[in-house]
Amino acid sequence: MGVSGCGKTAVGQQVAERWGAGFQDADDWHTEAAVAKMASGQALTDEDRTPWLERLRDQVIGAVPEGARGVLACSALRKQYRDALRQGQNGLKFIYLSGSQALIAGRMAARRGHYMPSSLLDSQFAALEPPEPEEALTVSVDQPLAAVMEAVLQALR
């Protein structure tokens with residue numbers, strides 16, 4: 001979990017590959033209307049996010065068989081969003097990919113082909129409620145991707 005541009009997809013794909021687990025990107029579960037809204041520079045509201053979070057919980061997280069592993073890259077910026085994803089899902093763990101706004105803005109400026117404009121980063125940080133230590137494991141993204149991935153895998157052991 002974390003703001004756009006923190007590396008959720010890159011880290012999540014590598015962790016899933018290392019585990020031999022399935023990977024899903026929550027961005028792929030947005031409606032066309034939500035993607036268009038973000039692409040136009042408008043932040044999603046809680047009302048926009050509620051059905052998306054329900055789909056993720058029921059159709060992605062809920063589809064992982066008991067005892068199996070799955071990886072979902074999802075912003076989950078607010079505690080209420082994480083609580084919605086957690087509802088009825090035993091064993092769900094959050095990894096918070098933490099980084100400064102300046103670092104992540106630089107990464108977003110360098111990436112190509114993503115619908116999320118850099119202009120929405122301010123709204124992402126404004127909405128962010130960093131999780132407490134008992135709610136999520138925190139890993140700094142102020143290091144190379146391989147080191148982030150290793151820190152995530154170590155935290156999950």
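The values are calculated or read from the model by the stated rules, or taken from the named source; none is laboratory data. In this text, all values refer to a predicted model and were calculated from it rather than measured experimentally. Every residue, glycine as well, gets a Cβ built from its backbone with ideal geometry; the counts of neighbours run over all protein chains shown.
Data for the structure
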read-out: Inter-residue pairs, beta-carbon under 7 Å, first among the acidic types (D, E) and in the range 111-139, second surrounded by 12 or more Cβ atoms within 10 Å (Cβ to Cβ) and modelled with pLDDT of 90 or more, 6+ apart; value: E129/L77; E129/R78; E129/K79; E135/R82; E135/F94
read-out: Close pairs from the range 87-99: first more than 13 Å from L72 (Cα to Cα) and touching a residue at least 24 places away in the same chain (Cβ under 8 Å), partner of a type in the set (D, E) and part of a loop (DSSP other than H, G, I, E, B), Cβ under 6 Å, at least 6 apart; value: G99/D142
read-out: Residue within the range 5-12 that is surrounded by 15 or more Cβ atoms within 10 Å (Cβ to Cβ), charged (D, E, K, R) and without any contact (Cβ under 8 Å) to a residue 60 or more places away in the chain present; value: no
read-out: Tally of residues being in a loop (DSSP other than H, G, I, E, B) and of a type in the set (A, V, I, L, M) across the range 68-86; value: 3
read-out: One residue from Q89, Q101, Q124 being modelled with pLDDT of 90 or more and among the polar types (S, T, N, Q); value: Q101
read-out: Hits in the range 81-106 (condition: of a type in the set (S, T, N, Q) and under 20 Å from C6 (Cβ atoms)); value: S98, S100, Q101
read-out: Positions within the range 14-67 being part of a loop (DSSP other than H, G, I, E, B) and either touching a Phe, Trp or Tyr at 6+ places or on another chain (Cβ under 7 Å) or of a type in the set (D, E, K, R) (or both), in sequence order; value: H30, E66
read-out: Test for P131: is it modelled with pLDDT of 95 or more, of a type outside the set (K, R), farther than 16 Å from T9 by Cα and part of a loop (DSSP other than H, G, I, E, B); value: yes
read-out: Matching residues in the range 63-86 - criterion: being surrounded by fewer than 14 Cβ atoms within 10 Å (Cβ to Cβ) and modelled with pLDDT under 95; value: A63, P65, E66, G67, A68
read-out: All positions within the range 1-13 that are modelled with pLDDT of 90 or more and either under 20 Å from L92 (Cβ atoms) or assigned to a loop (DSSP other than H, G, I, E, B) (or both); value: M1, G2, V3, C6, G7, K8, T9, V11, G12, Q13
read-out: Residue pairs meeting the criteria (Cβ under 8 Å; at least 6 apart or on separate chains; first part of a helix (DSSP H, G or I) and modelled with pLDDT of 90 or more, in the range 146-157; second surrounded by 12 or more Cβ atoms within 10 Å (Cβ to Cβ) and of a type in the set (S, T, N, Q)); value: V148/S140; M149/Q14; A151/S140; A151/Q143
